[in-house]
Each structure stands twice: as C-alpha cells, then as structure tokens.
Amino acid sequence: MSTSASLSGLRLVVSAGPTYEDIDPVRFIGNRSSGKMGFAIAGAAARRGAQVVLVAGPVSLPTPADVQRVDVRSAAQMHEAVLAALPADAYIGAAAVADFAPAQAASSKIKKQAGQDSMTLTLVRTRDILADVADHPHRPRIVVGFAAETDHVEAYARGKLEKKRLDLIAANRVGMAGTGFESDDNALTVYAADGAVHALGPAAKTQLADALLDLIAQRLTE
Ligand code: CTP
Ligand code: CA
C-alpha cells in the first residue's frame, strides 16, 4: 500500500486526540477520540525523516520516536499550540476538537441543590484550528483535515474541504463496529481539492498513516 516517499527536510505539524473542556475542577466535556490515527501519522512521518511537531490532546499513548510532542487539554490550548508551531510544510488536523466549550470553567466544584432536577450549561463556539491554519499568513503548502461522520459522509466531507480551504480531507464513517474511534483499524476516503479521490483501507491505522503520507509527500514534492 505504501511507497514510503521520503519526507526528509520537511516540517509537519500534526494534531491528535480529543480536547477536554472543563466545566469545573472535576468535570469536563470530552469526546471519543483515542489519538491513534494522529500518533500513527506523526510516527510514520518521523520515520520518513520529517521534523514532526505533534500537538496532543489528553490521550494515553507513548510519544513516537523522534517526534516533538506538545501536550494540551482544551481546544483553545490546541489552537494556540498549533499556530505557534507554524510555519510548516504541512498541517494534518487529526484531532477531534470540541466545537463548543463552557464560557468559563467554575473555579470550585458545582454542587447540585436539593430538589434540582435539571441543569443548563451555556457553551460557546471554539475557534476552528484547521480553518485558521488554512487562512494563516504562514499557510502550510498542504493542509489536511479529517471528517468523522455518521451519515452523508461524502457530502459533508466535500463541504468541509471547500469551506475550510483544505488540500485534502480524510473522511470516515463512525459508529460502525470495529472502525473509527478507539479502534486500531479504519477505512478512509480521501478527497482532494484537485478532484482526486483515494480509497484507503480498511487497514490498520499505521498502514493508513503511511498511505496518507504518500499522498501528502506526492503533493509536497510536485
Ligand atoms: N477542527 C478544528 N477546529 C475545530 C473543529 C474542527 O481544527 N474547532 C478540525 C478537525 O480537527 C478536523 C476537521 O476540522 O480535521 C473536521 O472536524 P469535524 O468535527 O468533522 O467538522 P466540523 O467543521 O467541526 O463540523 P461538524 O462537527 O459540525 O460536523
Ligand atoms: Ca466538530
């Protein structure tokens, strides 16, 4: 599946994992990203000789060899760390970034009141890291997004490709047994801004990482 094109001399920034948005000191809003896909991409890129910065949300994964890892927790922290890692030749946004976060985390534990049978949390939109990278004065030559969808996968993925001005978007269906979040395997359909479509897998995330890097390397060396 892989031709293992060299990425020597190139700098890649990869984001991976979930973000946690704190509600109070003991509670947060998170999501089901394991970080495996992004970590696999970062590790594979380093093995091909790239200089890799991996901005990781809260995950329990070892740092791949020769990768510079920056740990973050929230979407706001991830936004800051990713932009601080530019300029780069490519950005691969594999993180599952929270779309909304509590406007402010409570400084002490929120207590329920006697007789209280519901509660309302006000959430505010987070900034779109991928769109901001694609719009940045130091825009990487290749900006790659992911789209995990439960339905209308192609239409939603193509919409994000265009709206966020990406070069590639790797789409997958989530919710099926054995693929997507938390799993070691996945299947991706990659849509390119130039119209190309590539079906990758089903395969191990490590193999998919290599196949995706081939597409990126091709475009970086064109
Ligand atoms: N993304 C990002 N910053 C955000 C939200 C999403 O960088 N605040 C990135 C993700 O890392 C992913 C891509 O955008 O690469 C698509 O994420 P997804 O959640 O599928 O798309 P959204 O644009 O957030 O749309 P929605 O969740 O409504 O489907
Ligand atoms: Ca989202």
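The values are calculated or read from the model by the stated rules, or taken from the named source; none is laboratory data. Just so we're clear, the structure is a prediction, and the values are computed from it rather than from any experiment. So basically every Cβ, Gly included, is an ideal-geometry build from the backbone, and we count neighbours across all protein chains shown. Accessible surface areas use protein heavy atoms only, side chains included; no ligands, DNA or RNA. Shrake-Rupley method; radii C 1.70, N 1.55, O 1.52, S 1.80 Å.
Restricting the stretch 126-163 to residues that are touching a residue at least 60 places away in the same chain (Cβ under 8 Å) and over 19 Å from residue 98 (Cβ atoms), the residue that is farthest from ligand 1 (Cβ to nearest atom) is 141.
Could you check the stretch 1-58 for strands (runs of 3 or more DSSP E) lying wholly inside it with 3 or more residues that are open to solvent by less than 20 Å² (accessible area, probe 1.4 Å)? Walk me through it before giving the result.
Values: elements: 11-16, 21-24, 27-29, 51-56.
Because the criterion is at least 3 residues that are open to solvent by less than 20 Å² (accessible area, probe 1.4 Å), the strands (runs of 3 or more DSSP E) in the stretch 1-58 that meet it are 11-16, 51-56.
For the criterion of being assigned to a loop (DSSP other than H, G, I, E, B), in contact (Cβ under 8 Å) with a residue 24 or more places away in the chain, in contact with a strand residue (DSSP E or B) (Cβ under 7 Å, 6 or more places away or on another chain) and surrounded by 13 or more Cβ atoms within 10 Å (Cβ to Cβ), residue 64 fails. Tell me whether the stretch 114-125 contains one or more residues that are within 15 Å of ligand 1 (Cβ to nearest atom) and not aliphatic (A, V, I, L, M). Yes, some residue in the stretch 114-125 is within 15 Å of ligand 1 (Cβ to nearest atom) and not aliphatic (A, V, I, L, M).
What residue, of 82, 53, 143, is within 16 Å of ligand 2 (Cβ to nearest atom) and either out of contact with any helix residue (DSSP H, G or I) (no Cβ under 6 Å at 6 or more places or on another chain) or among the β-branched types (Val, Ile, Thr) (or both)? Give the steps one after another, and end with the answer.
Working: 53 fails: within 16 Å of ligand 2 (Cβ to nearest atom); 143 fails: within 16 Å of ligand 2 (Cβ to nearest atom).
The match here is 82.
Just one residue in the set 7, 12, 61 is modelled with pLDDT of 95 or more, in contact with a Phe, Trp or Tyr (Cβ under 6 Å, 6 or more places away or on another chain) and not charged (D, E, K, R); that residue is 61.
Consider residue 166 carefully, then state whether it is part of a loop (DSSP other than H, G, I, E, B), at pLDDT 95 or above and within 12 Å of ligand 1 (Cβ to nearest atom). Please lay out each step first, then the result.
Numbers: part of a loop (DSSP other than H, G, I, E, B): yes; at pLDDT 95 or above: yes; within 12 Å of ligand 1 (Cβ to nearest atom): yes.
Considered against the rule, which asks whether it is part of a loop (DSSP other than H, G, I, E, B), at pLDDT 95 or above and within 12 Å of ligand 1 (Cβ to nearest atom), residue 166 comes out as yes.
One line per residue, one yes/no per condition, for (1) in contact with a Ser or Thr (Cβ under 8 Å, 6 or more places away or on another chain); (2) more than 16 Å from ligand 2 (Cβ to nearest atom); (3) closer than 30 Å to residue 166 by Cα:
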residue: 94; (1), (2), (3): yes, no, yes
residue: 97; (1), (2), (3): yes, no, yes
residue: 114; (1), (2), (3): no, yes, no
residue: 124; (1), (2), (3): no, no, yes
residue: 139; (1), (2), (3): no, yes, yes
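Residues checked against (1) farther than 21 Å from residue 220 by Cα; (2) open to solvent by 50 Å² or more (accessible area, probe 1.4 Å):
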{"residue": "124", "(1), (2)": "yes, yes"}
{"residue": "135", "(1), (2)": "no, yes"}
{"residue": "141", "(1), (2)": "no, yes"}
{"residue": "149", "(1), (2)": "yes, no"}
{"residue": "152", "(1), (2)": "yes, yes"}
{"residue": "156", "(1), (2)": "yes, yes"}
{"residue": "166", "(1), (2)": "no, no"}
{"residue": "183", "(1), (2)": "yes, no"}
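Any idea which residue in the stretch 86-110 is most open to solvent (accessible area, probe 1.4 Å), counting only those that are in a loop (DSSP other than H, G, I, E, B) and within 16 Å of ligand 1 (Cβ to nearest atom)? Looking at the filtered set, the residue picked out is 99.
Condition check ((1) assigned to a helix (DSSP H, G or I); (2) under 16 Å from residue 93 (Cβ atoms)) across all residues:
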residue: 131; (1), (2): yes, yes
residue: 137; (1), (2): no, no
residue: 154; (1), (2): yes, no
residue: 158; (1), (2): yes, no
residue: 162; (1), (2): yes, yes
residue: 172; (1), (2): no, yes
residue: 190; (1), (2): no, yes
residue: 212; (1), (2): yes, yes
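Filtered by the rule that a residue be modelled with pLDDT under 95 and β-branched (Val, Ile, Thr), the stretch 179-217 gives 179, 206. What number goes with the only condition from (1) closer than 21 Å to residue 5 by Cβ; (2) surrounded by 21 or more Cβ atoms within 10 Å (Cβ to Cβ); (3) not basic (Lys, Arg) that residue 203 does not pass? Of everything listed in (1) closer than 21 Å to residue 5 by Cβ; (2) surrounded by 21 or more Cβ atoms within 10 Å (Cβ to Cβ); (3) not basic (Lys, Arg), residue 203 misses just condition (2).
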